[in-house]
1. Lysine pairs, Cα distance under 13 Å, 8 or more residues apart or cross-chain: how many in region 129-215?
2. Which of (i) 80, 38, 29; (ii) 48, 35, 35; (iii) 51, 40, 27 is the computed Cα extents along the principal axes in Å for the structure on display?
3. Relative contact order for region 129-215 using alpha-carbon pairs under 8 Å, separation at least 6, rounded to a whole percent?
4. Going by how many other beta carbons lie within 10 Å of each one, how would you line up SER60, SER185, fewest first?
5. Could you state the number of Å between the C-alpha centres of region 143-201 and region 94-129?
6. In debye, nearest 20: dipole of the chain around its Cα centre with unit charges on the Cβ of K, R (+) and D, E (-)?
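None of the figures in this text is laboratory data; all of them are computed from the coordinates on show. Here the structure is a predicted model, which means the values were calculated and not measured. Every residue, glycine among them, receives a Cβ derived from its backbone with ideal geometry; neighbour counts consider all protein chains shown.
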Amino acid sequence: MNVKIKNLFDISVYGVGYTGIGQYKATINGKMTKQYKATINGKMTKQYREWHGMLERCYSQKWHEEHPTYIDCEVCEDWYNYQVFSAWFDNTYYKIGNEVMALDKDWLYKGNKIYSPETCVFAPQYINSLIVNKKNNRGELPIGVTIYQGKYRARCKNNTGEYKHLGTYDTPEQAFKAYKTFKESYIKQIAESYKDHIPTKLYEAMINYEININD
């Protein structure tokens, strides 16, 4: 009887990822389908779900059509190997109550496009969302600025998801300055509230974060 043995170094996920040899499995009490997107009689492990999602954001054309800000993002070659990524995951992942945790590549190095051990950190989803700028949706105006009754209005979301209005101004530059002042102060407040729960490098990145008019 011919038995086909799976090569654990076969590239099988988004043209770059492979399982590798080691202790980390893709599923709990089950096996993956050929598409590596669903399980039979089991569920994805936390490590696999995070790894698969990272590769999807970087290498899925369909994802890029819906989320163009991820175009040109990439994963370091070491993390093509699921085992290597999972070991890093186990050494760095943490929980804060019931908060959802996100794999973040933007806080430590502003403008970063590479997922790697040096550039990534886990962060609560709320912290992760603080620097999402939706540049493709806002047009030519600076971040935090909209046109309102012929003038330029500065506003910023608070922790309830509602907008806090920061005033109206004659120029977009003036409105942006109001936004920048408020948002940087707000990020520092959030950093202080999480100081005892997040990695030091994430806390320091938040304290030192600067918002530029071209963000």
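1. Eligible lysine pairs with Cα atoms under 13 Å apart amount to 4.
2. Correct label, based on the coordinates given: (i).
3. 26 percent
4. So the residues, fewest neighbours to most, are SER185, SER60.
5. 20 Å
6. Dipole of the chain, to the nearest 20 debye: 660 debye.
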